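The values are calculated or read from the model by the stated rules, or taken from the named source; none is laboratory data. Fair warning: this is a prediction, and the values are worked out from it, not measured in the lab. Here Cβ is always computed from backbone atoms with ideal geometry, including for glycine, and neighbour counts include all displayed protein chains. To get the accessible areas, we keep the full protein, side chains included, count just its heavy atoms, and leave off ligands, DNA and RNA. Shrake-Rupley method; radii C 1.70, N 1.55, O 1.52, S 1.80 Å.
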Amino acid sequence: MGKTKSSRGANPSQITKMALVAKAGGRCEFKGCNKKVFLDDVTLLESNLSNVAHIIASSPEGPRGNDRSKQLSRDLDNLMLLCPDHHKVIDDNPNMFSEEELKKMKKDHEQKVSDLLDYIESPSSIILILNAAIKNKKDVRVNFDKAKEANLSAGFRSEMVPITISIDNHYNYKDENYWKYSEKKLIDDIDYYVKQRYFHDPGIVFSVFPLGPIPLIIKLGYLLGDSKTINIFQKFRTPDSWVWQEKNKTNDFKVFLKKGDGTGTRVALVLSLTSAIETDRITDVVDVDTIYEISASIKGIDCIKSLEDLKAFWMQFQRVCDDIRNTSHANTISIFPAIPVSAAFEIGRKYMVGVYPKIDIYDEDNGFFKTISIGGNENE
């Protein structure tokens, strides 16, 4: 490593500079930059473009200088590794970039470097993204950087290139052609992108980040199945993150019999997690003998905040499926979901072929309507 440039005061020792470079990972610590300061962007040749910047100038007359300047001039905690452009920016605008703000930039950057190094021996996984417009109207896209952050929080390094399945469809959302096209596109992409990867590396791990209509996410889980290691993540709005917000269970899920005594063969299952679904909205669409409901004690978009919440939901869903199989002997269940994406994915992923009845999935768009199915003879 060549000499690292320092300005605006007394030079830190070479050992201090090397320690700073290591803590910064050889990157500019200015928020949003992350430029490699030992590599020229244009020629890609090794080049020392690093600057050691003082947060508190080593002279009281310098940027952010004060009576602590001399004391802090060689202190590692008072130094930032910057590219030349951002060194000039912070020193030319000391009122805009305060001591507190620069220290936060430094701390956040160095913590990220430390976290990455902590996980350097961690297993890797491929991020699998599903993007499909909500009700074929509201476009959605998974942010890859936020997905990597969440994957790292779960103890997995992300491979550099994700698998992205995007379903763009010009049909009306309630048109059966929309669902035929979307389902075929999903099946074809899983066969091409995922099954080929499993063929070449059976032990590979996928981390799934889905945004789209709930029926397609259930189908995605069904196609991936439960025989491989798969991580599922849940999108949160506040904070804007895919990182699971809690480690412990935060919600309860209860089963209710809303109609009938459970013995009729025509069965509907209502999943009232994000919001309540009234019984008459179901009976307006299907003629059923029995209606079960799984209801969250705390409803809302963040009703599942942890993997323990997801597990608790799945245990109740499994219990209902077992009751339906053992009591009503139904061949088909009509499902009406108001659920987050993680619950949708688990319904499909853990579906037991040959054990559970076929599931017809309904969705809501100014009234419920039938979309696609899992299990049974799907070519019917």
Anchor K299: lysines whose Cα lies under 21 Å away (excluding residues fewer than 8 positions away in-chain):
K235, K247, K249, K254, K258, K311
Taking every other residue with Cβ under 9 Å from the Cβ of Y356 and scoring Lys and Arg +1, Asp and Glu -1, one gets +1
Summed side-chain charge close to D226 - residues other than D226 whose Cβ falls under 9 Å, Lys, Arg +1, Asp, Glu -1
+3
Sort out for me the Cα centre separation of the range 283-320 from the range 342-359, rounded to whole Å.
13 Å
With just the Cα atoms defining each centre, how far is the range 189-240 from the range 136-170? Give it in Å.
10 Å
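Classify the range 260-380 as rounded, prolate or oblate, taking a ≥ b ≥ c as the square roots of the eigenvalues of its Cα gyration tensor: rounded when a/c is under 1.5, otherwise prolate if a/b is larger than b/c and oblate if not.
On the way: a/c = 1.44, a/b = 1.21, b/c = 1.19.
Cα axes put the range 260-380 in the rounded bin.
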Looking at the chain as a GNM with Cα springs under 10 Å, which of F317, F369, F30 has the largest mean-square fluctuation?
F30
In terms of modelled amide H atoms, which long-range or inter-chain residues lie less than 5 Å from the amide H of V208?
L128, N231, I232, F233
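Order the peptides 323-331, 198-206 from the highest to the lowest mean number of other Cβ atoms within 10 Å of their residues.
323-331, 198-206
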Per residue, how much accessible area does the chain have with a 1.4 Å probe, in Å²?
50 Å²
According to a simple spin-label model (label point 7 Å from Cα along Cα-to-Cβ), what is the distance in nm between V42 and D365?
5.1 nm
Using each residue's phi in the range 277-289, evaluate 6.51 cos²θ - 1.76 cosθ + 1.60 at θ = phi - 60° and report the 3J(HN,Hα) Karplus result to the nearest Hz, with x for Gly and Pro.
10, 6, 4, 5, 6, 7, 5, 5, 10, 10, 9, 10, 8
Rounded to the nearest 5, what % of DSSP beta bridges with both residues in the chain are antiparallel?
35 percent
For the chain, with all protein chains present and a 1.4 Å probe, just round the carbon and sulfur fraction of the accessible area to a whole percent.
49 percent
Residue farthest toward the positive end of the dipole of the range 189-259, with Cβ of Lys/Arg at +1 and Asp/Glu at -1: which of T250, T229, F199?
T250
Residue farthest toward the positive end of the dipole of the range 78-174, with Cβ of Lys/Arg at +1 and Asp/Glu at -1: which of Q111, L130, P84?
L130
Which net charge results for the neighbourhood of F313, defined as the other residues with beta-carbon distances under 12 angstrom from its beta-carbon, given Lys and Arg at +1 and Asp and Glu at -1?
+2
Please state the charge dipole magnitude for the chain, taken about the Cα centre, from unit charges on C-beta atoms (+1 on K and R, -1 on D and E), reported in debye and rounded to the nearest 20.
920 debye
Please say if the range 1-125 is rounded, prolate or oblate, where rounded means a/c under 1.5 for a ≥ b ≥ c the square roots of the C-alpha gyration tensor eigenvalues, and otherwise the choice is prolate for a/b larger than b/c and oblate otherwise?
prolate
3J(HN,Hα) from dihedral phi, the range 40-46, Karplus parametrisation 6.51/-1.76/1.60, rounded to Hz, x for glycine, proline
6, 4, 7, 8, 6, 8, 4
